[in-house]
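One structure is given here, and the rest of the page talks about it.
The values are calculated or read from the model by the stated rules, or taken from the named source; none is laboratory data. These figures come from a predicted structure and were not determined experimentally. Virtual Cβ from ideal backbone geometry, glycine too; neighbours counted across all protein chains shown. With ligands, DNA and RNA removed, areas are computed over all heavy atoms of the protein, side chains included. Shrake-Rupley method; radii C 1.70, N 1.55, O 1.52, S 1.80 Å.
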Amino acid sequence: IRDLVRSRGLGDVYKRQFQDTAGVFGIGEVFNGEPTYCGGYQGPLDSVLNYPMYFTLRDVFASKQSMNNIQTRIQQNTAAFSDLSVLGTFVDNHDNSRFLYSQSDQTLYKNALTYVLLSQGIPIVYYGSEQAFHGGNDPNNREVLWPTSFSTSSSLYKHIQTVNAHRKKAQVWNYSQVQRYSTTDFYAFTRGNTFVALTNKGSAGAQVHYTITYHPYADGTKLCNIFYTCLLYTSDAADDLT
């Protein structure tokens, strides 16, 4: 069937008919990192997995490449896809080795997962991420879950729970993703009143300090760090956020 569809040039027609017949929203999997290639599948299909961003997130957080790559990837995706808000955003899945297989630093992983959960798109968290599964290539990335007793006390479980609870409370999906700062080791964006600050320094890296002048907050606005409920950040009279 695949060869017939290709030889008759019916690919897009077939995908659209398949999508319409299913009668439900669908996300296709196009295992390719090029936005222009993957973008061609959105239209015939409602959406696809955001593989271009997946590879970028792995580069930025697992391999600690420049965080400016996120900015570049978003620009490329914007030009290639018709609707970024419905792309499936992920950093792990069943077809690739897990993040923690190549990078054991859970601080870096938490930053990557935070981007997945709060950035534009439909977040997809692969099972076992909350249990720090670290299997290699398929089938080693399909570990058995029940020996963990479905623990809800692990550090990663609590991190995902906290971020997801805020996502729901703030309803970030109703707001655009606006980049506020980008440099080699720091990336920040907002969605509504939610300010997201990410770094790829890792657990052994030094703290990073940047002054954000491009933000939506009025003078005196207090921002609460969702991971440390007693820690507040205040926008000053110069409209700076540090």
Cβ pairs under 6 Å, 6+ apart or interchain, first in the range 32-57 and open to solvent by 20 Å² or more (accessible area, probe 1.4 Å), second small (Gly, Ala, Ser) and in a helix (DSSP H, G or I), ordered by first then second residue, are Thr36/Ala80
Scanning the range 38-78 for residues that are on the phi > 0 side of the Ramachandran plot and of a type in the set (D, E, K, R) gives Lys64
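Determine whether the range 137-150 contains at least one residue that is over 18 Å from the mean Cα position of the chain (by Cα), aromatic (Phe, Trp, Tyr) and open to solvent by 80 Å² or more (accessible area, probe 1.4 Å).
Yes: the range 137-150 contains one or more residues that are over 18 Å from the mean Cα position of the chain (by Cα), aromatic (Phe, Trp, Tyr) and open to solvent by 80 Å² or more (accessible area, probe 1.4 Å).
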